[in-house]
Amino acid sequence: MLRFVVRPSRNVARAGLLLALLGHATACKKHVEPAVPDAVPNATAAQPLKKGQEFPNFSQPDLLTGKTIELAKFRGKVVLVDFWATWCGPCVKEVPNIKKAYEKYHEDGFEVISVSLDKDVDKCKSFIKDRKMDWHHICDGKSSKAELAEKHGISAIPVAVIVDKAGKILTVDARGEEFSKTVAEALGLKYDPEKADAGKMDAKAEPEAAEKPRAAKE
């Protein structure tokens, strides 16, 4: 019996071969190329400090003792986180108010963590000792690039942040009489300013303009 084998034309055969090669290439491509990952948010974006929000935890060495300062360990206390510098006029003028409040309310659970934007660490340390600022201090010597300042987008100082017992921010601009009042109320104490304080501080007075770290002459 005769058998007939139907052979495709050369054009058809070539077309079939081309389609086969294209299919193989597509399969290889799908196998080799990884999936495109989702966009990753900018990890260096600043985290502005806002009233009502929790102050993000941080751990930094204390300038005077070398021991680690961790904000979370102060839960149950009222904490002032004060961004300042020795070259900042408004910051230095606020030191007596902070010192007075610290001495008055420390035993009731008030703590202060001063974050200096000084470049000269030794100068900052001497300033602190000379004025007997006997609370916690952080100074990494990076000036406007200080780790905590960059993390929270601090572009001008002073920035005085009062944190309540639960770690929530009560205010980011604690100054003068309002500063002491906020601390007392956060501690559950009745605020009763002394007569001497009333003569020195005016709650309606405009606060001095903040200074920008980059403008400092160090």
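None of the figures in this text is laboratory data; all of them are computed from the coordinates on show. The structure displayed is predicted, hence computed values, not measured ones. Cβ placement follows ideal geometry from the backbone for every residue including glycine, while neighbour counts extend to all protein chains displayed.
With a cut-off of at most 13 other beta carbons within 10 Å, and DSSP calling the residue loop, which chymotrypsin sites (Phe, Trp or Tyr not before Pro) in the range 119-197 qualify? Please list them.
Taking the range 119-197 and a limit of 13 other Cβ atoms within 10 Å, the loop chymotrypsin sites (Phe, Trp or Tyr not before Pro) found are 191.
From the Cα gyration tensor of the range 151-197, with a ≥ b ≥ c the square roots of its eigenvalues, which class applies: rounded if a/c is under 1.5, or else prolate if a/b is larger than b/c, or else oblate?
The shape class here is oblate.
For the range 68-80, what does the Karplus curve 6.51 cos²θ - 1.76 cosθ + 1.60, with θ = phi - 60°, yield as ³J(HN,Hα) per residue in whole Hz, taken in order and with x for Gly and Pro?
Values per residue, Gly and Pro as x: 6, 9, 10, 4, 4, 6, 9, 4, x, 10, 8, 10, 9 Hz.
For the range 102-196, run through the GluC sites (Glu not before Pro) and keep only the ones in DSSP coil with at most 14 other Cβ atoms within 10 Å of their Cβ.
The qualifying sites are 194.
Evaluate Rg over Rh across the range 59-215, taking Cα atoms for both radii and Kirkwood's formula for Rh.
0.94
Report the full-extension gain for the segment residue 122 to residue 134: residue separation times 0.36 nm, less the Cα-Cα distance, to one decimal in nm.
Extra length available between residue 122 and residue 134 comes to 2.7 nm.
What FRET efficiency comes out for residue 75 versus residue 51 if R0 is 22 angstrom and r is the Cβ-Cβ distance? Round to the nearest 0.05.
According to the calculation, E is roughly 0.75.
Determine how many Å³ per residue the convex hull of the Cα atoms of the range 125-174 encloses.
That works out to 110 Å³ per residue.
What is the extension gain from residue 103 to residue 147, computed as 0.36 nm multiplied by their sequence separation minus the C-alpha to C-alpha distance, in nm to one decimal?
The residue 103-residue 147 span can extend by a further 13.0 nm.
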